[in-house]
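Scroll down for the structure; my scribbles are underneath it.
The values are calculated or read from the model by the stated rules, or taken from the named source; none is laboratory data. Just so it is clear, the model here is predicted, and its values are computed rather than measured. Here the Cβ positions follow ideal geometry from the backbone for every residue, glycine too, while neighbour counts run over all protein chains shown. Ligands, DNA and RNA are stripped out before the accessible areas are found, and what is left, the full protein with its side chains, is counted by its heavy atoms. Shrake-Rupley method; radii C 1.70, N 1.55, O 1.52, S 1.80 Å.
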Amino acid sequence: MKISVIGCGYLGTVHAACMTELGHNVVGIDVDPEKIALLAPGTPPFYEPGLPEMLSRAMTTGRLRFSTEISNVRGSDVHFVAVGTPQLAGSDAADVSFVMAAVASLLPYLAPGNLVVGKSTVPVGTAGQLADIVTAHGSGATLAWNPEFLREGFAVKDTLAPDRLVYGLEESDGRGAAMLDAVYARAIAIGTPKVVTNFATAELVKVAANAFLATKISFINAMAEVAEATGADVTQLADAIGHDVRIGRRFLNAGLGFGGGCLPKDIRGFMARAKELGVDQALTFLAEVDQINNRRRERMVDLAREVVGGSLLGKRIAVLGLAFKPDSDDVRDSPALDVALRLVESGATVIATDPQAVATARRRYPDMTYVATPNEAAKDADAVLLLTEWHEYRELDPLAFGELVGTKAILDGRNCLDPVAWRSAGWTYRALGRP
Ligand code: UGA
């Protein structure tokens, strides 16, 4: 099929490359000329495992192009809208202006039988409004809502082999459903579950899934708070309750909590929309989920203060990890970067490192000190804080690493180190929710 993808961020770039891999003919559009200058010869503008290889493969097929010029969508059958919906400044609500602008910019190029497909995460009700705009324009195109569930770090795999497909359609739009089936023919052929529903359900599926995941993480982090007051170990507690298949062990890793460009802003946007709909009481628990999450960051700073003897002023702190999670260079609402900045505000000298996110962190906060490796960060440190569980940090040798620091004190913000190994190498080991 001929496909256009509007918006070449984490979602759109991966989607465009994967659609090419699936055999389609694709044009990716973005308003940012710098991004397109990188993408045009096949360089991803961000870090995502497997994407560089897939992009260069896609470019060699001659079926993938990138452009800033929206008129290049002309001739596509399916137009995916994959632009961002960030949190509005000074509000919990999502900013849908980029989605609105993307659809408006498409209108002059739509032809009869075209399908506009929303992928962005939007407040429930947006798809209906957009469908009216597309219909009123009179091109004969229709609109579908097809939320995306990819995880950063696994984006290529999640796009090529999603765990489910959700189509939000107008009741009569059998043609739209058939077009989506053609786009996702490979996933459908291997039996990927498909839910075909109305717009509101499709929009809600996305935010409900993220709200559930955020709640699961905050639940275990709430248990960590209780564990800290009682001498219990939250990681063992998670293992034990996770054996119950009704609960499950995944997304029960206690630690610094969730961040990134999706979970935090999506639960806030969901609460804001519920308020508009008069059902805010149904989601007040999400405010608690958000607060539990933020308290973990404060707790981490308090723990650091405690470990260095009561004041962070002038203390040298090594920060390992800046990305919101491993295998990503994304620092949007990153718990790690937030803790690093709080330490700086408390008067500490922070030496921060990350395998991929130094450049993105530096762009936002140029004044912090960044180094390339954990060894450089650790030199003469009064304490080491592990804030993103990158594989290479999990594998650090406590004996050799201990030779570098001023004081052997490690705070494991992600419960990913072996306390026994670190303590027996002479370290003070502290973690969230563990004795
Ligand atoms: C999340 C969802 O998992 C995706 O399904 C969804 O498509 C995406 O948001 C989105 O809306 O676009 P992502 O933000 O890439 O994906 O990251 P997650 O793997 O969900 O992790 C989110 C945060 O939770 C990270 O900061 C991670 O460190 C934290 N987390 C995760 C925990 O603190 N504990 C856990 O057990 C799991």
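Between Gln291 and Ser71, what is the label-to-label distance in nm when each label sits 7 Å out along the Cα-to-Cβ direction?
Taking the simple label geometry, Gln291 and Ser71 are separated by 5.5 nm.
How big, in percent, is the set of alpha carbon pairs in the chain lying more than 35 Å apart? Walk me through the intermediate numbers first.
On the way: 32655 of 94395 pairs.
Tail fraction, whole percent: 35.
Mind checking the per residue accessible area of region 2-197 for me, 1.4 Å probe, whole number of Å²? Could you put the intermediate results ahead of the total?
Details: 7870 Å² over 196 residues.
Computed with neighbouring chains in place, this is 40 Å² per residue.
Classify region 291-435: rounded, prolate or oblate, from the alpha-carbon gyration tensor (a ≥ b ≥ c, eigenvalue square roots; a/c under 1.5 rounded; otherwise prolate if a/b is larger than b/c)? Before the final figure, lay out the partial values.
Numbers: a/c = 1.30, a/b = 1.22, b/c = 1.06.
Verdict is rounded for region 291-435.
How far is it, in nm, from the label point at Thr43 to the one at Ala111 when both lie 7 Å from their Cα along the line to the Cβ?
3.5
Counting only protein heavy atoms and a 1.4 Å probe, tell me what percentage of region 76-120's accessible area is made up of carbon and sulfur.
On the way: 970 of 1530 Å².
Looking at region 76-120 in its full context, I get 64 percent from C and S.
Decide, for region 206-286, between rounded, prolate and oblate: order the square roots of the alpha carbon gyration tensor eigenvalues as a ≥ b ≥ c, take rounded if a/c falls under 1.5, and otherwise choose prolate if a/b is larger than b/c, else oblate. Don't skip to the end; give the middle numbers.
On the way: a/c = 2.27, a/b = 2.03, b/c = 1.12.
Prolate is the answer for region 206-286, as a/c is 1.5 or above and a/b outweighs b/c.
If you stretched the chain out fully between Arg363 and Glu276, how much longer would it get, using 0.36 nm times the residue separation minus the C-alpha to C-alpha distance?
Numbers: separation 87, 0.36 × 87 = 31.32 nm, distance 3.56 nm.
My answer for the length gained is 27.8 nm.
Given the peptides 191-201, 45-55, arrange them by the average over their residues of other C-beta atoms within 10 Å, most packed first. Mind showing how you got there, number by number?
Numbers: 191-201: 14.7, 45-55: 18.5.
Order by mean packing, descending: 45-55, 191-201.
How much length would be gained if the chain were fully extended between Asp239 and Ala208, taking 0.36 nm per residue of separation minus their Cα-Cα distance, in nm to one decimal? Spell out each step's value before the answer.
Details: separation 31, 0.36 × 31 = 11.16 nm, distance 2.50 nm.
That pair, Asp239 and Ala208, stretches by 8.7 nm at full extension.
Per residue, how big is the convex hull around the C-alpha atoms of region 210-367? Give it to me in cubic angstrom, could you?
135
Suppose a student asked you for the relative contact order of region 351-398, using Cα pairs under 8 Å spaced at least 6 residues apart; what percent would you report?
Details: 32 pairs, mean separation 17.5, N = 48.
Reported as a whole number, the value is 36 percent.
Normalised by the empirical 2.2 N^0.38 Å for globular proteins, what value does the Cα Rg of region 2-197 take?
Details: Rg = 15.7 Å, N = 196, 2.2 N^0.38 = 16.3 Å.
With N residues counted in region 2-197, Rg over 2.2 N^0.38 Å equals 0.96.
How far apart, in nm, are the 7 Å Cα→Cβ label points at Ser424 and Ala161?
The answer from the label model is 3.8 nm.
How do Ser328, Ser311 rank by accessible surface area computed with a 1.4 Å probe, from largest to smallest? Mind showing how you got there, number by number?
Working: Ser328 0, Ser311 55 Å².
Reading off the accessible areas and sorting them downward yields Ser311, Ser328.
How would you classify region 187-251 from its alpha-carbon gyration tensor, with a ≥ b ≥ c the square roots of the eigenvalues: rounded for a/c under 1.5, else prolate if a/b is greater than b/c, otherwise oblate? Don't jump to the answer; show the numbers that get you there.
Details: a/c = 4.85, a/b = 2.11, b/c = 2.29.
It is oblate, given that a/c is not under 1.5 and a/b is not larger than b/c.
Evaluate the Kirkwood expression for the hydrodynamic radius of region 91-143, namely the inverse of the mean inverse distance over all pairs of different C-alpha atoms, and round to one decimal in Å.
Kirkwood radius, region 91-143: 11.5 Å.
Under the definition of Cα pairs under 8 Å and six or more residues apart, what whole-number percent is the relative contact order of the chain?
Details: 887 pairs, mean separation 52.5, N = 435.
Relative contact order of the chain: 12 percent.
Just the accessible area for Met1, please: 1.4 Å probe, Å², rounded to the nearest 10?
Met1 has an accessible surface of roughly 70 Å² with all protein chains in place.
Hey, any idea what % of region 1-48's accessible area is carbon plus sulfur with a 1.4 Å probe?
57
Heavy-atom accessible area of Asp380 with all protein chains present, probe 1.4 Å, nearest 10 Å²?
So the heavy atoms of Asp380 present about 80 Å² to solvent.
Of Pro264, Pro41, Pro123, which is the most mobile in a GNM of the chain whose springs link Cα atoms less than 10 angstrom apart?
Pro41
With all protein chains present and a 1.4 Å probe, how do Ser76, Ser172 order by accessible area, largest first? Intermediate values should be presented prior to the final figure.
Working: Ser76 10, Ser172 115 Å².
If we order Ser76, Ser172 from most to least accessible, we get Ser172, Ser76.
Arg249 to Asp32: extension gain in nm, 0.36 nm per residue of separation minus the Cα-Cα distance? The partial results should precede the final answer.
Working: separation 217, 0.36 × 217 = 78.12 nm, distance 4.05 nm.
Result: 74.1 nm gained on full extension.
Looking only at Ala189, Ala254, Ala357, which one moves most when the chain is put into a Gaussian network model with springs between Cα atoms under 10 Å?
Ala189
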